[in-house]
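Student: Let me begin by handing over the structure; questions about it come next.
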Amino acid sequence: MERVYIFDTTLRDGEQSPGASMNVEEKLAIARQLERLRVDIIEAGFPVSSQGDFEAVRAVALAVKECSVAGLARAAVKDIDRAWEALQGGADPRIHTFIATSPIHMRAKLRMEPDQVVEAAVAAVKHACRHTSNVEWSAEDAGRSEMDFLCRIVEAVIDAGARTINIPDTVGYTLPHEFGARIKTLFERVPNIHKAVISVHCHNDLGLAVANSLAAVANGARQVECTINGLGERAGNAALEEVVMALRTRKDIMPFQTRIETTEIIRASKLVSTITGFPVQPNKAIVGANAFAHESGIHQDGMLKNPFTYEIMTPESVGLTTNRMVLGKLSGRHAFADKLTSLGYQLTPEQIDQAFVRFKEIADKKRELADEDVEALVDDEVIRRSDHYQLRKLHLATGTQDTPMAAVEMTIDGAVQTGESRGNGSVEAVFNAIDKLIPAAKEAKLQLYQVNAVTKGIDAQAEVTVRLDWQGGAVNGQGIDYDVIHASAKAYINALNKLVNKRAKTQDDSGSGGV
């Protein structure tokens, strides 16, 4: 069967979702999981856009050994050189350069004539090829580009040395039949197209990103650009898990293969959701909580007789399992470490020790810890450790006739500080106390406060998501704890850490953008 390459852009396009910004450590955690998932290419960021993005791309490029790492660059020498500076030294670095090709983009955004766009694209590819032969070129807004011009520029950049050609539906405008026909036309009219892999990058504005991607594959595309959970700008991108499982399940119609280790899908989904603070909707295909749930009596009867009556794939195929070893307060470090390994974590001995301390604290309060509890505490205590600000202690005094008063003790850039305040409610009192210690909090406005239970029951850990608005942008924070007030404080502090990191970034004048 023919190979379809999976290009994951969770760390670049996914991060462009409002509030989904990630620090270097969080990007590394996701990159390592993508490596276990066995994606072919990881697009780690847009190096020229900020020093933070540059450092993240460089860290991912040096850490990942089993797949290619790409950096995005506009059709400009400084972008391309900066991307290569971040990527060099990696196992298989790829420079991904792009320029817009639709009439509206060329006229309104670039203010360039078509001939100038072709010249700039060719020059960019040739310059990138001086660094590496692994060069990808994208036609931004290809879905609305004129077909004659698209054929012309694709032929030109292939001649210039591009070995992957990406055809994005940047604004999610096309329908599957017309997007598939667009790919087919390129194969019919571009004489040198056999020298390149044709890729697609579809956005989900009309809910058709996965359908358009599959239509493109059916018409010759052999790389799909996608993200975990469909994360991305506006309505998001094609969801990796949906594309991969569609190809795996419908080989009768689409006889293609990927190298994806599908049993790592659930773990990847949970990790991205935890780090970004974007919860997965229960009815989300493949990874939603209800994706393999059956409540109807007719469905349950059919499932008991033969699971394939109502399941077209097995839960185990995407990483769900019913074979669970439940941990409790008597469980030792060895059992805990073994559980972490079975859940897909690869932690250092120091990180295991750190997580084990927290595990024991929770186990003293909760009789049994399910897999979700273990994943939540590790994600919260290890992967999501705060940088500038850390909560040490929290005290809350409240009552039915009293105004709540909170006192917090925090580590701020290594120094221990305390603050206290009152509020109309317990959470407001805690947030006000934190505000007194963190000046950046005064610049932000609370947009969202959301509480979810990690597992069922009155003793479930609370998962709190906080979204802060800052200068028209948003940052999400997430905290997990047995106590909902402690979880709220952690989430708020995590969001404030992200806000400070966002302020510290020196953004390029034109912003990130991309395909």
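Quick note: the coordinates plus some simple rules give every number you see, no bench work behind them. Bear in mind the structure is a predicted one, so any value in this text is a computation, not a measurement. Positions of Cβ are generated from backbone atoms using ideal geometry, with glycine treated the same way; all protein chains shown enter the neighbour counts.
Student: How do 440-450, 34-44 rank on mean C-beta neighbours within 10 Å, highest first? Mind dumping the intermediate values first?
Tutor: On the way: 440-450: 14.9, 34-44: 24.6.
In descending order of packing, they fall as 34-44, 440-450.
Student: Long-range amide H contacts for ALA100: which residues qualify at under 5 Å (H placed 1.01 Å from N, peptide plane, sequence gap of 5 or more or a different chain)?
Tutor: Long-range HN contacts for ALA100: GLU140.
Student: If you line up the long axis of helix 147-160 against the longest principal axis of the chain, both from Cα atoms, how many degrees apart are they, to the nearest 10?
Tutor: 90
Student: What's the exposure ranking of ASP53, ASP483, ASP435, going from fewest to most Cβ atoms within 10 Å? Working shown, then result.
Tutor: Working: ASP53 28, ASP483 13, ASP435 17.
Fewest-to-most ranking of ASP53, ASP483, ASP435: ASP483, ASP435, ASP53.
Student: What would the Debye formula give as log10 I(q)/I(0) at q = 0.09, 0.12, 0.21, 0.22 Å⁻¹ for the alpha-carbon point model of the stretch 1-128, no solvent?
Tutor: -0.28, -0.48, -1.14, -1.19
Student: Moving to a separate point now. Among DSSP beta bridges whose residues both lie in the chain, state the antiparallel percentage, nearest 5.
Tutor: Numbers: 37 of 75 bridges.
Restricted to the chain, the bridges split so that about 50 percent are antiparallel.
Student: Against the empirical 2.2 N^0.38 Å scaling, what ratio does the C-alpha Rg of the stretch 77-176 come to? Let's see the in-between values first.
Tutor: Working: Rg = 13.6 Å, N = 100, 2.2 N^0.38 = 12.7 Å.
Expressed relative to 2.2 N^0.38 Å, the Cα Rg reads 1.07.
Student: Kirkwood Rh over alpha-carbon pairs of the stretch 389-504, then Stokes-Einstein at 4 °C and 1.567 mPa s: what D in µm² s⁻¹, rounded to an integer?
Tutor: Numbers: Rh = 14.3 Å.
It diffuses with D of about 90 µm²/s by this estimate.
Student: What dipole magnitude, in Debye to the nearest 20, does the stretch 389-504 give about its Cα centre under +1 on Lys/Arg Cβ and -1 on Asp/Glu Cβ? Please report the intermediate quantities before stating the final value.
Tutor: Values: 12 positive and 12 negative charges, 72 e Å.
The calculation lands at about 340 debye.
Student: How far, in degrees from 0 to 90, does helix 333-342 lean away from the longest principal axis of the Cα atoms of the chain, to the nearest 10?
Tutor: Taking Cα atoms only, the helix is inclined about 30 degrees.
Student: What whole-number distance in Å separates the alpha-carbon centres of the stretch 390-427 and the stretch 28-51?
Tutor: For the stretch 390-427 versus the stretch 28-51, the Cα centre distance is 37 Å.
Student: For each of GLU2, GLU66, GLU242, GLU372, count neighbouring Cβ atoms within 10 Å of the residue's Cβ, then give the residues from fewest to most.
Tutor: Values: GLU2 10, GLU66 13, GLU242 21, GLU372 18.
The most exposed by this proxy come first: GLU2, GLU66, GLU372, GLU242.
Student: I need two numbers for the stretch 2-253: Rg to one decimal and Dmax as a whole number, Cα atoms only, in Å.
Tutor: 16.6, 47
Student: Using the alpha carbons of the chain, what is the convex hull volume per residue in cubic angstrom, as a whole number?
Tutor: Values: hull volume 82.8 nm³, N = 515.
Value for the chain: 161 Å³ per residue.
Student: Report, to one decimal in Å, the Kirkwood hydrodynamic radius for the stretch 216-288 based on all distinct Cα pairs. Write down the numbers at each step before the final one.
Tutor: Numbers: mean 1/r = 0.0764 Å⁻¹.
With all distinct Cα pairs of the stretch 216-288 included, I get 13.1 Å.
Student: Now, a different point. In the stretch 343-370, which residues have a backbone nitrogen under 20 Å from the label point lying 7 Å from GLU261's Cα in the Cα-to-Cβ direction?
Tutor: Residues passing the 20 Å test: 343-349, 352.
Student: Quick one: Cα convex hull volume of the stretch 327-383, Å³ per residue? Numbers along the way, then the final one.
Tutor: Working: hull volume 3.7 nm³, N = 57.
Considering the Cα atoms of the stretch 327-383, their hull volume per residue is 66 Å³.
Student: Between LYS78 and ILE458, how high is the FRET efficiency from 1/(1 + (r/R0)^6) when r is the Cβ-Cβ distance and R₀ = 51 Å? Nearest 0.05.
Tutor: 0.35
Student: Let me ask you something else. Please arrange HIS334, HIS395, HIS131 by how many other C-beta atoms lie within 10 Å of their C-beta, fewest to most. List each step's numbers first, then the result.
Tutor: Working: HIS334 8, HIS395 13, HIS131 17.
Going from sparsest to densest Cβ surroundings: HIS334, HIS395, HIS131.
Student: Tell me the volume per residue, in Å³, of the convex hull enclosing the alpha carbons of the stretch 95-149.
Tutor: On the way: hull volume 4.1 nm³, N = 55.
Output value, Cα hull per residue: 75 Å³.
Student: Right, something else. Helix 77-87 sits at what angle to the longest principal axis of the chain, using alpha carbons and giving 0 to 90 degrees rounded to 10?
Tutor: Result, in degrees: 50.
Student: On to the next question. Could you order peptides 255-264, 195-204 by the average number of other Cβ atoms within 10 Å of their residues, highest first? The partial results should precede the final answer.
Tutor: Details: 255-264: 16.5, 195-204: 24.2.
In decreasing order of mean packing, 255-264, 195-204 become 195-204, 255-264.
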